[in-house]
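Okay, structure first, notes after.
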Amino acid sequence: MADILEKIVADRRRDLAKFGPSFGSRIPTRRLRPLVPFLAEPAAILEIKRASPSRGDIVQNLDPRKLVAAYAAAGARNISVLTERNYFKGSLEDLVDVAIARPELAYLRKDFLLQEEEIELSYRAGADAVLLIARILDVDLLRRMAALCRSFGMTPFVEVREYEDYAKLTAAASDGVVLSGANARDLATFAIDPLIPAAARSRLPGRAVYESGIDSAGAAAYARRLGFDGILVGEAAIKDPGGISAIINGFQSAKEDASGIFWRRIAERRETRVNNLKRSLVKICGLARTEDALLAADLGADLLGFVFAESPRAASKQVVREVYQYLYKQQRDLSDKDDPKPLLVGVITEIHSTKAETALSLAREGILDAIQWHGESTPAALAALDVVLEGKAGRYAAARIGNAEDLAVIDLLRRSGEPRILADARAENVAGGTGMAIAAELAKFMADRGFLWLAGGLGVGTVGHALKSYAPELIDASSKLEVEKGKKDHGLMAAFFKEIDEYAN
């Protein structure tokens, strides 16, 4: 796929040379409304845009004034106006119109700004904040444009995505206040990945906004739990302005918590393992003995899984505590992204059982980092799990895949805002640990859709094929590494990691 961002910027440079920074729009000679602080408190930012490169026209005959009125009625106080003309069909006149119509709201000019002269025009058009995309600006120009924003009383909103962007953001923030944004959408391909903002949050100074991909109350809550002060909502708001209240409430009702910290740690590990070392994340599950868990950690496991269900692989509370105490001899800082130790995960199949309550208690205590839900994979079941976890641990779902119809479960969970779902092989009356693999055509289908977390039948002699065929982001192994149920074979474990490393290299 061609780099869409490069095309947008190239066409914009052409139009700047032809039309100047106003792009032919009529801009007032002076600002017609007072400045309103942008994102003065945590909130949703709702967007006005007519089209996008990935979707084409979003709605026909969009009326910005009617849309901003609907947003205000839903409780929004911060509005983003897309003014790019070629790919998003916007204009500065859209910003002027809505700023005059609803002067009490705060407005962000969202565009691919390239020149300092565009800052003053944004101010005259009514903007209270201006988007500056670090990826398309060199550091000196970014700093000058951010300083100009501040000189007019506007907020510079600096968006980052690439590794090189963070040094630019740090430089701009060293000069004065900035609002930073992490875009879940890659502007080169327009693909969305919810773990990108999760990995970014620890590197963003001060207030920060999660951009793109927010289309459900669950996704909004996820962003808030990560520690973001705002969410920027586009197509979901434009298509259904009357229903946007659910997304706003999802964000406002959540708060930064251990669930968000878990996903931040997963995302940061993904950066190191997958992006830098070209190696999948690895979870070793069904650990029932302390020595097995510690070996998995030494070999390089990213997650250690302990089953708390009726199973010959069931773990005890004592084993989990021993592993925790060995790995973390003193209370760890859960925000330490450089902590190389594996995350501890409790696997449950129901909420109301003695074994499940043991896992939930360990999670609420901070011993377990997360719960893997291997029960009925529905948004309602996960919401019930959230209630009992009290925000004190992360959680994710495992979906059992046996046929094409089962793939709908993953679609449903993704639409409800789940950042990742583990796919495991379905076996009748057995939750997991069967040694069965997901059918190749189903695994390939999921792999083609991206961000595959894969379990089922992975072991020595099979993991290399899975890595080559499906390039999973995470692999989860259990029964194929055993000498007997509940007891790992240390030779097989070492060979398993060797096979993974050989593929990565």
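Please treat every number below as a calculation from the coordinates, not as lab data. These figures come from a predicted structure and were not determined experimentally. When we count neighbours, we look across all protein chains shown, and the Cβ atoms used for this are built from the backbone with ideal geometry, even at glycine.
Observations on the model:
- Fraction of antiparallel bridges per DSSP, the chain only, in percent to nearest 5: 10
- Simple Cβ-charge dipole of region 385-455, Lys/Arg +1 and Asp/Glu -1, about Cα centre, in debye nearest 20: 200
- Rounded to whole numbers, the Karplus 3J(HN,Hα) couplings from phi for region 239-249 are 6, 9, x, x, x, 6, 4, 5, 5, 4, 5 Hz, using 6.51 cos²θ - 1.76 cosθ + 1.60 with θ = phi - 60°, and x at Gly and Pro.
- Structural descriptor for region 275-504: relative contact order 20 percent, calculated from alpha carbon pairs under 8 angstrom and at least 6 residues apart.
- For region 250-311, GluC sites (Glu not before Pro) meeting the loop criterion (DSSP other than H, G, I, E, B) and having at most 14 other Cβ atoms within 10 Å: Glu310.
- Candidate values (i) 142; (ii) 169; (iii) 196 were compared with volume of the Cα convex hull per residue in Å³ computed on the shown model; the agreeing label is (i).
- Region 244-289 versus region 45-72: alpha-carbon centroid distance in Å: 31
- Anchor Lys66: lysines whose Cα lies under 28 Å away (excluding residues fewer than 8 positions away in-chain): Lys49, Lys89, Lys110, Lys239
- Amide H contacts for Leu132 (H built 1.01 Å from N in the peptide plane; partners 5 or more residues away or on another chain; cut-off under 5 Å): Phe157, Val158, Glu159.
- Applying a DSSP loop filter and a limit of 16 other Cβ atoms within 10 Å to the chymotrypsin sites (Phe, Trp or Tyr not before Pro) in region 287-332 leaves Tyr328.
- Gained length - Ala167 relative to Arg415, 0.36 nm times residue gap less alpha-carbon distance: 85.9 nm
- On Cα atoms only, tilt of 64-73 relative to the major axis of the chain in degrees: 50
- The helix-only estimate of mean residue ellipticity at 222 nm for the chain, built from DSSP H runs of length n ≥ 4 each weighted as -39500 (n - 2.57), is -11500 deg cm²/dmol after division by the residue total.
- Here's how it looks for Leu454: its modeled amide H is under 5 Å from those of Ala423, Leu474, Ile475, Asp476, which are all 5 or more places away or on a different chain.
- Beta bridges by DSSP in region 392-505, antiparallel share as percent, to the nearest 5: 25
- Annotation: amide H of Ala309 within the under-5 Å range of Ala315, sequence separation 5 or more or interchain, hydrogens built in the peptide plane.
- Karplus-derived 3J(HN,Hα), 6.51/-1.76/1.60, for each residue of region 250-261, Hz, glycine and proline x: x, 6, 5, 7, 9, 8, 4, 8, 5, 4, x, 5
- For region 475-483, putting each phi into the Karplus relation 6.51 cos²θ - 1.76 cosθ + 1.60 with θ = phi - 60° gives couplings of 10, 10, 10, 8, 5, 6, 10, 9, 8 Hz, in residue order, rounded to whole numbers and with x for Gly and Pro.
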